[in-house]
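S.K.: First the structure, which I've put down as structure tokens, then a few questions once you've had a look.
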Amino acid sequence: MEIRWLEDFMALARTRHFSRAAELQHVSQPTFSRRIKLLEEAMGATLINRQTLPLSLTPAGERFFDLCQRVTRDVRDVKSQIADMEAEESARISVGSTQGLFSHFYQGWASEAGIADRLQLNLKATSWVGEQFLDALDRGECDLVLCYWHQDLPWGERLTRGEYEFITLARERLVPVSVAAENGEPRFPLPGAKDQSVPLIAYHSRGFLQSAVEAHLARCKESVNLLPLNENTQSASIKALVKQGFGMGWLPSRMTEKSEHFGRLTRAGDERWDVPLDIRLIRLREPRSDDLLTLWKTLETQHA
């Protein structure tokens, strides 16, 4: 049974005439009559008394007419609600965020800025790596990119071409961490030695963070001896492997605070090994909507 059959029946009940009802429903009379007959067969009862002039409803038809009114009203109301939901959804500004920032920064920042209900996270972003975030921005897969940034990104000059604008929302540090030995010292301390390299759980070479670590170490006066064991795109994956004692790794300070406090992780080196980062929000210079531009101006004022 289709909703349009119910609408056909209601038109017939109101006009009490097959030709007029068919005209109202924009179908031929034979088609209309066939649909009413199918409706009666589906209900297993005669709904229309065809022996009266004008036509009349049988007792079963009267009962069915009440049902049709309720069902079509409910369908209309739900359809309107869905349309409102879709409009509200499309009005939200899509954000592509790295998983680490989504887990430990995004929600607190959006709530504090008073814009949480205006944003929608694009969950596809959890599979993007490095420059793919800007590619997604170019393709319209998101309106904003929330990411780490530093001066040594191999493709960082892309942000200076004039195609993008950004706001620096906060500063961050990558902190070297390790599980602690029984004496409380790090099991894998920096800087290591030539004959005893420190096992490293590294970031993906195409991501935002590995190039920051490498460039910072290259600028340090003291050389470091590391043995990379694998690469990971997510800070959470590095944290899990470090906590299991496979090696040391660099984690955003926001991810280490709770662990350090409860003694699960400890520093693998002092502050000279900390890697400075920015947390940036990026958009195309030509915004895709007025809502995005309005939100951007609000954020610029907050971070002026």
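S.K.: Counting only GluC sites (Glu not before Pro) that are in a DSSP loop and have at most 12 other C-beta atoms within 10 Å, tell me the longest site-free stretch of the chain. If you can, show how the numbers build up before the last one.
M.R.: Working: sites that count: E2, E182, E222.
Here the longest segment lacking exposed loop sites spans 3-181.
S.K.: Compute the semi-axes of the equivalent ellipsoid of region 3-89, taking the square root of 5 times each eigenvalue of the Cα gyration tensor, and list them largest first in whole Å.
M.R.: Working: eigenvalues 151, 43, 23 Å².
Each semi-axis is √(5λ); the values are 28, 15, 11 Å.
S.K.: Let me ask something else about it. What number, in nm² with one decimal, is the all-direction average of the projected area of the convex hull of the alpha-carbon atoms of region 97-161?
M.R.: Working: hull surface 19.6 nm².
Taking a quarter of the hull surface, the average projection is 4.9 nm².
S.K.: Do any trypsin sites (Lys or Arg not before Pro) in region 110-181 lie in a DSSP loop with no more than 16 other beta carbon atoms within 10 Å, and if so, which? Walk me through the numbers on the way to the answer.
M.R.: Details: sites: R118, K124, R139, R158, R161, R171, R173; in loops: R161.
Here the sparse-neighbourhood loop sites are R161.
S.K.: Can you give the extra length, in nm with one decimal, that the chain gains between C220 and R14 once fully stretched, where that is 0.36 nm per residue apart less the Cα-Cα distance? Write out the running numbers ahead of the final one.
M.R.: Numbers: separation 206, 0.36 × 206 = 74.16 nm, distance 8.61 nm.
Net length gain for the segment: 65.5 nm.
S.K.: Taking 7 Å along the Cα-to-C-beta vector as the label spot, tell me the R161-R173 distance in nanometres, rounded to one decimal.
M.R.: About 3.5 nm separates the two model spin labels.
S.K.: Find me the longest stretch of the chain that has none of the exposed chymotrypsin sites (Phe, Trp or Tyr not before Pro), where exposed means in a DSSP loop (not H, G, I, E or B) with at most 12 other Cβ atoms within 10 Å. Intermediate results must be reported in sequence, preceding the final value.
M.R.: Details: sites that count: W155, F262.
The longest such stretch corresponds to 1-154.
S.K.: Angle between the Cα long axis of helix 290-302 and the longest principal axis of the chain, 0 to 90 degrees, nearest 10?
M.R.: Result, in degrees: 30.
S.K.: Out of region 234-304, which trypsin sites (Lys or Arg not before Pro) are coil in DSSP terms and have no more than 12 other C-beta atoms within 10 Å? Present the calculation step by step, with values, prior to reporting the outcome.
M.R.: Working: sites: K239, K243, R254, K258, R264, R267, R272, R280, R283, R285, R288, K297; in loops: R264, R285, R288.
When the trypsin sites (Lys or Arg not before Pro) of region 234-304 are filtered for loop state and at most 12 Cβ neighbours within 10 Å, R285 remain.
S.K.: A further question on this structure: From the Cα gyration tensor of region 204-296, with a ≥ b ≥ c the square roots of its eigenvalues, which class applies: rounded if a/c is under 1.5, or else prolate if a/b is larger than b/c, or else oblate? Could you put the intermediate results ahead of the total?
M.R.: Working: a/c = 2.25, a/b = 1.79, b/c = 1.26.
In terms of gyration-tensor shape, prolate.
S.K.: Please tell me the relative contact order of region 93-297 in percent, rounded to the nearest whole number, where contacts are Cα pairs under 8 Å and at least six residues apart. Display every interim value, and only then the final one.
M.R.: On the way: 369 pairs, mean separation 64.3, N = 205.
Result for region 93-297 is 31 percent.
S.K.: Only bridges whose two residues both fall in region 81-197 count here: according to DSSP, what percent of them are antiparallel, nearest 5?
M.R.: Details: 2 of 8 bridges.
Around 25 percent antiparallel, to the nearest 5.
S.K.: Only bridges whose two residues both fall in region 93-297 count here: according to DSSP, what percent of them are antiparallel, nearest 5? Each step should come with its number before you reach the end.
M.R.: Working: 23 of 36 bridges.
In region 93-297, approximately 65 percent of DSSP beta bridges are antiparallel ones.
S.K.: While we're here: If we count other beta carbons within 10 Å of each Cβ, what is the order of I201, I279, fewest first? Mind dumping the intermediate values first?
M.R.: Values: I201 25, I279 21.
Final ranking by Cβ density, sparse to dense: I279, I201.
S.K.: When we measure straight from the Cα of K37, which lysines land under 28 angstrom away, once same-chain ones fewer than 8 places off are left out?
M.R.: Correct list for K37: K79.
S.K.: I'd like the orientation of helix 29-43 relative to the chain: the angle between its Cα long axis and the longest Cα principal axis, in ° from 0 to 90, rounded to 10.
M.R.: Rounded to the nearest ten degrees, it is 80.
S.K.: Another one. Given the DSSP H assignment, sum -39500 (n - 2.57) over each helix run of at least 4 residues in the chain and divide by its residue total; what's the result at 222 nm in deg cm²/dmol, nearest 500? Present the calculation step by step, with values, prior to reporting the outcome.
M.R.: Details: 10 runs with 124 residues, N = 304.
Result for the chain, helices only: -13000 deg cm²/dmol.
S.K.: Pulled fully out, how much extra length does the chain show between A42 and S80, if you take 0.36 nm times their separation in residues and subtract their Cα-Cα distance? Could you put the intermediate results ahead of the total?
M.R.: Values: separation 38, 0.36 × 38 = 13.68 nm, distance 2.80 nm.
Between A42 and S80, full extension yields an extra 10.9 nm.
S.K.: Sort M43, M255 so that the residue with the fewest other Cβ atoms within 10 Å of its own Cβ comes first and the one with the most comes last. Walk me through the intermediate numbers first.
M.R.: On the way: M43 17, M255 21.
Result, fewest neighbours first: M43, M255.
Since every read-out is calculated from the coordinates, none of them should be taken as a lab result. Just so it is clear, the model here is predicted, and its values are computed rather than measured. Don't worry about glycine lacking a Cβ; one is built from the backbone with ideal geometry, like all the others, and counts go over all protein chains shown.
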